[in-house]
Amino acid sequence: MDTSQLLKGVLDLAVLAVLRKDDGYGYDVVRRLRAGGLNEVGDASVYGTLRRLYNAGMLTSYVVPSEEGPHRKYYSINETGRARLAESRETWRSFASTLDGLLEEVAA
Amino acid sequence: MNTQALGVEHYLAGMRATLDDLPPNEVAEIMEDVEAHVAELSTELGEGETLEQRLGSPEQYAQELRQAAGYPARTERLPVTTKQQWLTRPRAAAWGLVAATGVTLLAGTVALKEPAVLLLPAAILVLSLALVHDRGPLQQEIMNLPETHRLEKWLTPEQGTPAERALTYLKSLQPAWWLLRAGLLGLGAVLLASRDLLGFLAVAGIAVLSVFAGPRAKVDRRWLWFSLPASALAVGLLFQVIDVTANQLAYSTSRSSYMPPAPQSYENIYAYDENGKLLTNVLLYDQDGQPINASRNYASSCNEPGSGPEPVIPANRYPRPQIDYENGRCYTVAPSVPSPSSTPSGESAAPSSSGSATPSSVPPTSVSPSK
């Protein structure tokens, strides 16, 4: 199965998760997701997700000037984002265990 | 390097074209992210590798981003009208900033006399910033204007040329300029303090805020709407201070060349001893043995044709006799003694604090009437 289809539903959760500890700019977030094992995540999808989370009020942003090249816009998670992350994590866990259960039955 | 930069520009232009149906401020925010991304990726590209190979076409990239961001599907109507528009809000705002900075420079040269002129550039600044305030801190639309590109190209000469080294050096002086600017503005505020309280408060406020505006403008270009005119105002004030100082210097040197060195506003001198007794016939000399002469405002009247010549008394003998002239002749009379509690009749008390015998009137000095 194509994991990119699965990713679409949970990319919000993944992005919020990698921003949980440290702020990051777009390409930073892409790298962290890939380092975490999501190799197939598309750059543009991550940037789009960041914009959506930002517009939904779960992230704040600030600009850090750079001597060479364009300035970098960092995103950081706020309280709303943390609440959503906690909530989504519960949803994901129960969903995953439900699916695990279904898959066990299939395997058995 | 050059072809790479071209590739980046081309790629970003393609993306912008695909997103241009979205609200401009949202596009600006997206492009802020994407420009940094594409620029960073382009440095990682291998030999012969293109951005398209890494990211897909600009249209694909934009499409994927739109979907992930949850933007509505592209509408085809808008781009035609926005493309053709010449007078866009970013352009108006950029030129407004330039105009306001120029006006501030001019206004700064008269701001000490008439601080209210600063309201004109302030109004232009507020209006032009209002046009683009919602377009994000990087003001990418203004940065993408052709005139901005030309300015940027002009300000970034080729590596290693003297012009480039000079600019790099000037850039390193920027924090020092911020401090100097605050100092100049503060000086302007102090000079205004006695004349115009509102002007003082305004300029003092600008001075304080200008310290923060410099570094802030590096991160949020909207601060340029404060920082650039503040610099212009500081330069204008500097011109004005130089102008005023130069005028004062010229005035004082020209004065000293044809006027007596010590301005004498007195006409007579009365000397008293420690008991409050008026001393008469006192001869006064300075450290060079030169007689000390009070100005003689009666001389002219006594030198009029038909009147007698000046009374023959040393000019530095004090108190001088007062000279009355009537019927074309000059007479010297006893000096009347002024005092803090001067009575109009000329009968006055000496300024004595001891309260001891004070001469109420002065014995006439033996000066004969002029011939």
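Listing for the model above:
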read-out	value
Only one of B:136, B:96, B:108 that is among the small types (Gly, Ala, Ser), touching a residue at least 60 places away in the same chain (Cβ under 8 Å) and more than 22 Å from residue B:198 (Cα to Cα)	B:136
Residue B:88 being more than 10 Å from chain A (Cβ to nearest Cβ), within 30 Å of residue B:190 (Cα to Cα), touching an Asp or Glu at 6+ places or on another chain (Cβ under 8 Å) and surrounded by 14 or more Cβ atoms within 10 Å (Cβ to Cβ)	no
Options B:180, B:224; residue that is in contact with a Leu (Cβ under 8 Å, 6 or more places away or on another chain) and either within 27 Å of residue A:67 (Cα to Cα) or not assigned by TED's automatic domain parsing to the domain that holds residue B:109 (or both)	B:224
Members of the stretch B:186-210 that are surrounded by fewer than 16 Cβ atoms within 10 Å (Cβ to Cβ) and not hydroxyl-bearing (Ser, Thr, Tyr)	B:190, B:193, B:195, B:197, B:198, B:201, B:205, B:208
Of all residues in the stretch B:23-33 being within 10 Å of chain A (Cβ to nearest Cβ) and out of contact with any Gly (no Cβ under 8 Å at 6 or more places or on another chain), the one that is surrounded by the fewest Cβ atoms within 10 Å (Cβ to Cβ)	B:26
Qualifying residues in the stretch B:45-62 (those that are under 18 Å from residue A:40 (Cα atoms) and of a type in the set (A, V, I, L, M, F, W, C)) - the one surrounded by the most Cβ atoms within 10 Å (Cβ to Cβ)	B:62
Counted residues, the stretch B:149-174 - those being in contact (Cβ under 8 Å) with a residue 24 or more places away in the chain and more than 14 Å from chain A (Cβ to nearest Cβ)	0
Qualifying residue in the stretch B:151-168 (condition: assigned to a helix (DSSP H, G or I) and surrounded by 17 or more Cβ atoms within 10 Å (Cβ to Cβ))	no
First in the stretch B:49-62 and touching a residue at least 24 places away in the same chain (Cβ under 8 Å), second anywhere and among the basic types (Lys, Arg), Cβ under 9 Å, 6 or more apart	B:58/B:16; B:62/B:16; B:62/B:74
Test: residue in the stretch B:3-20 that is modelled with pLDDT under 85, more than 11 Å from chain A (Cβ to nearest Cβ), over 26 Å from residue B:221 (Cα atoms) and not in a helix (DSSP H, G or I)	no
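Yes/no matrix, rows are residues, columns are (1) at the interface with chain B (Cβ under 8 Å from one of its Cβ atoms); (2) closer than 18 Å to residue B:37 by Cβ; (3) touching a residue at least 40 places away in the same chain (Cβ under 8 Å):
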{"residue": "A:50", "(1), (2), (3)": "yes, yes, no"}
{"residue": "A:63", "(1), (2), (3)": "yes, yes, no"}
{"residue": "A:69", "(1), (2), (3)": "yes, yes, no"}
{"residue": "A:74", "(1), (2), (3)": "no, yes, yes"}
{"residue": "A:81", "(1), (2), (3)": "no, no, yes"}
{"residue": "A:93", "(1), (2), (3)": "no, no, no"}
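The values are calculated or read from the model by the stated rules, or taken from the named source; none is laboratory data. Keep in mind that what you see is a predicted model, and the values were worked out from it rather than measured. Neighbour counts run over all protein chains shown; Cβ positions are idealised from the backbone, glycine included.
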